[in-house]
Each structure stands twice: as C-alpha cells, then as structure tokens.
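> Let me begin by handing over the structure; questions about it come next.
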Amino acid sequence: MLKQRSFFRLLFAGALYLLVFVRGTAQTDTLRLIFAGDIMGHSPQIQSAEVVKNKKYDYAPCFQYIKPVLERADIAIGNLELTLPGKAPYTGYPMFRSPDDLAKALKGAGFDLLVTANNHSNDAHGLGVTNTVQTLRDLGFLQTGTFKNRRDRDAFYPLMVYKNGFKIAIVNYTYDTNGLKTEAPTVVNLIDTVQMKADLQEAVARKPHFIIAIMHWGLEYQLNENKDQQRLARFLIRNGADMVIGMHPHVVQPIKKEKVKMPDGSTKEAIVVYSLGNFISNQKQPNTDGGILFQVDLLKKKGSPEVTVGKQGIVPVYRYIHKTASGKSTYHVLPVSLLERNPDYFKGMNAASRTAMLKFTEGVRKRLGWPEVR
C-alpha cells in the first residue's frame, strides 16, 4: 500500500510539473513599440517654452495630451532632430540648438529611446554632439546614431535593448549632416552601405530576437517615397533588418510590407514605414503640421527565439499652436482620434484650427489606408 501511495504521489507530481511546463512554454511575451517622427525645435517653440530668459524652459504642456498614448508603449522611440548644446544661445532653423529642458519634457512624456543621426546632428558642432549624447544618457534615455568617439560607438553600437524577455537590436543612419563636417572625435552614422552591412552583420551575430533600422532619408515634403528609399529598405531587410522606420521628409509617406529575396533563395517580408512625418515643429508647409505614431506589438512564445509581428497600426497626431489673448503661444501634440471620440479631452481649439486638423488627418488616412489603433 505504501509503495502504491508513493507511486501515485510521483504520478501526481509529474502531471503537475508537466502542466506548469506546458503553460509556461505556451505563455506569449509581448513588446509594444511606438515610433514618433521628427521632434523639431524651431525658434518660436523655444520662445514659447521660455520661463526665465536663456535659463529655464517648460515644454511639459507640449506633450501633456499625447503622454497617455506614449505611456502605453513598452518602448517609445522618437527622432530628436536638434542638438542640446547645454547653454545659450538657443536657436531654431537652420542651426537647431535647444535647451536641455526639452529632453527632460520628452522623458516626462514617456519617451524611452531617442535616435540622433539626422541632418542636424552637427548643428552645434562637436561639443553639441557630445553634450547631446551625454545629456540624453544622464536623463535615462536609450540613445543611438551619434557618439562621443569611436570607442563609444564600438561599445554601444548596434544598440541592444532588453525588455519583456526580448532582445532587440537598433541601428540608425542619416543621409547627410547638411554639409557640416563631423568634428573628431565625434561620430555621426551616415548612410554607407558598406558600413551598414558590417553593422547589421554584427547585429545578427549578437542573436537578437528582432532588428530595427531607423533611417533619416528621402526628400522633404514629398508624399511618396523615392527609389533610393525603396532600394535602401530592401538592402536593409536583405542584410538582417526585420523592420524599417523612416524619418526626415516632415510629411507622412506610405507604410508598406516589402518582400525581399534573401541570399538563400527564401522570401522575407518586413514592414517599412517610409516617413512618420513631424511629431512637433513650427513648420507651415502643406502636410507638415502633424504626422503619425506607428504602434506595433512584437510577440514571442516564452523561451522561443521566434518573433512574430502582432497588432499594428497608426495614431494620427496634430501640432496645434494655442494662442492666448495676450499673444502667448503654446505648442501641443494632439492625438486626433482621441479628440474625435472625446471632444472634451482638449478644449480651447477654435473652429478654423479644428477644421485644419481634421483636413490634415483625412489626407493621411486616405493616403495610408492603414488601420488605426485606439
């Protein structure tokens, strides 16, 4: 009888272990990413945020309405298209130099990772590159694309991100730096297929679950991608990228699922967002008064290296400039669909501005034909 009881205990324990094991392996890890477009710092934006001349700036109101959207991401990523020189004078176009308080507000709004390789990376010269990198890191951001020196790049590139059981590699490049030479010892990642291939090989060798390339490319104000963007997107996918996110044109460009023939003869499909448009700016050209967030869920069975792309979609955002009777301006990034569902979420927008916001959003929706996430 004793042996029989021991047998059943062992049988029960084994069944319980098997149940726990099966449930454990069946668990799906999820990593939600949100990508935002160009974060600009024009002179009127700097002036609107100024509290104490050349010393203190308050950018928090700019992001208070988009903050709940960014905070639903595990990792929120944006393109910081300006430099943080650390001291005045602060300037807008064509040499973007913003106060560190902007970065603090972006952190408070929910951004986790900022890419810094863009055509304005060298606007504050070598010291600007170094201070931008160090300031972002000191504030707790993940950052990539520009580096203090070659040793810094070797140590932190490709950027490896660990979250929710995922290991993600991120690479970032720009087409140019507006003709401003990168001052030694700083490094700005330029679009160079030889270097990019080597970097992607390094990323693949580190065995991440997913590789994302974030590109500063294309032609400004063009609503469609060009052949160079298409060629580069396929090159990146062929060499290991699993998703490509584009910045720079300042307008929203198409989102496509590009299919690429791989060296082994197989076919690989990857999402390419050719341009997210502007996140915040003072630009007034047609279609530049907003952009989209791109949200995507990565899925992975616990313990498995295989990642699938789950729910994905866009969040149209609009840059609204609120002006008081005294002439004071405040810049706001507004999630349009949330305002459509709940007009009381943001009050004070005049009829003309609301009409402009809806017109901008209608154009984006028609051009993309991509589902929205709410």
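> What is the helix-to-structure angle for 100-109, meaning the angle in degrees between its Cα long axis and the longest Cα principal axis of the chain, kept from 0 to 90 and rounded to the nearest 10?
Approximately 40 degrees, to the nearest 10.
> For n ≥ 4 DSSP H runs only, could you compute -39500 (n - 2.57) per run for the chain, divide by its residues and tell me the 222 nm figure to the nearest 500?
-9500 deg cm²/dmol
> Something else: Which of Pro99, Gln195, Leu114 sits closest to the plus end of the dipole of region 97-248, meaning its Cα is farthest towards the positive end, when Lys and Arg get +1 and Asp and Glu get -1 on the C-beta?
Positive-most Cα among the choices belongs to Gln195.
> Tell me the angle of helix 351-368 to the major Cα principal axis of the chain, expressed in degrees between 0 and 90 and rounded to the nearest ten.
Between the helix axis and the principal axis of the chain, the angle is about 50 degrees.
> Would you pull out the residues with amide H under 5 Å of Thr174's amide H, same chain only if 5 or more places away, H placed 1.01 Å from N?
Leu190, Ile191, His216
> Take every DSSP beta bridge with both residues inside region 28-368 and express the antiparallel ones as a percent of the total, to the nearest 5.
60 percent
> For the pair Ala155/Arg206, report the inter-label distance in nm, with labels modelled 7 Å from Cα in the Cβ direction.
1.4 nm
> Next question, about the same structure. Which number do you get for Rg(Cα) / (2.2 N^0.38 Å) in region 29-140?
1.03
> When a/c reaches 1.5 or more, the comparison of a/b and b/c decides; with that in mind, is region 157-272 rounded, prolate or oblate per its Cα gyration tensor?
Oblate, since a/c reaches 1.5 and b/c is not below a/b.
> So if I restrict to the alpha-carbon atoms in the chain, what is the Rg, and what is Dmax, the biggest pairwise distance, in Å?
Cα-based Rg and Dmax for the chain come out at 22.9, 92 Å.
> Now, a different point. Using only Cα atoms, tell me the angle between helix 193-205 and the longest principal axis of the chain; keep it within 0 to 90° and round to the nearest 10.
Helix 193-205 sits roughly 30 degrees off the main axis of the chain.
> Which whole-number percent gives the relative contact order of region 28-368, counting Cα pairs below 8 Å spaced six or more residues apart?
18 percent
> Rounded, prolate or oblate: which fits region 84-202, taking a ≥ b ≥ c as square roots of the Cα gyration tensor eigenvalues, rounded meaning a/c under 1.5, else prolate when a/b beats b/c?
oblate
> On to the next question. Under the Karplus relation 6.51 cos²θ - 1.76 cosθ + 1.60, θ = phi - 60°, what is the ordered set of whole-Hz ³J(HN,Hα) values for region 294-310, x standing for Gly and Pro?
10, 10, 8, 9, 9, 10, 7, 5, 4, x, 9, x, 7, 10, 10, 8, x
> Right, next: In terms of modelled amide H atoms, which long-range or inter-chain residues lie less than 5 Å from the amide H of Asn149?
Distant-sequence amide H within range of Asn149: Val187.
> What aspartates and glutamates does Lys257 reach when the alpha-carbon gap must be under 12 Å and sequence neighbours fewer than 8 apart in one chain are set aside?
Asp242, Glu269
> So, one more: Can you tell me which of 254-262, 357-365 comes out highest on packing, and rank the rest after it, using the mean Cβ neighbours within 10 Å?
Most protected by this proxy first, the peptides run 357-365, 254-262.
> Less than 14 Å apart at the alpha-carbon level, and either on another chain or at least 8 residues along: which aspartates and glutamates does that give for Lys302?
Asp29
> Hey, any idea what the orientation-averaged projected area of the convex hull of region 317-360's Cα atoms comes to, in nm²?
Convex hull of Cα atoms, orientation-averaged projection: 3.0 nm².
> Among Ala351, Phe166, Gln295, which residue has its Cα positioned farthest towards the positive end of the charge dipole of the chain, with +1 placed on the Cβ of Lys and Arg, -1 on the Cβ of Asp and Glu, and the dipole taken about the Cα centre?
Phe166
> Among 180-193, 32-45, how do they line up by average Cβ neighbours within 10 Å per residue, starting with the highest?
The densest-packed peptide leads the list: 32-45, 180-193.
> Treating cross-link reach as a plain straight distance, find the lysines whose alpha-carbon is under 16 Å from the alpha-carbon of Lys347, omitting any fewer than eight places away in the same chain.
Within the straight-line cut-off, Lys347 pairs with Lys323.
Taken together, the values in this text are just the output of simple stated rules run on the coordinates, not laboratory data. What you see is a predicted model, and the numbers here were worked out from it, not measured in a lab. Note that each Cβ is placed from the backbone with ideal geometry, even for glycine, and that neighbours are counted across all protein chains shown.
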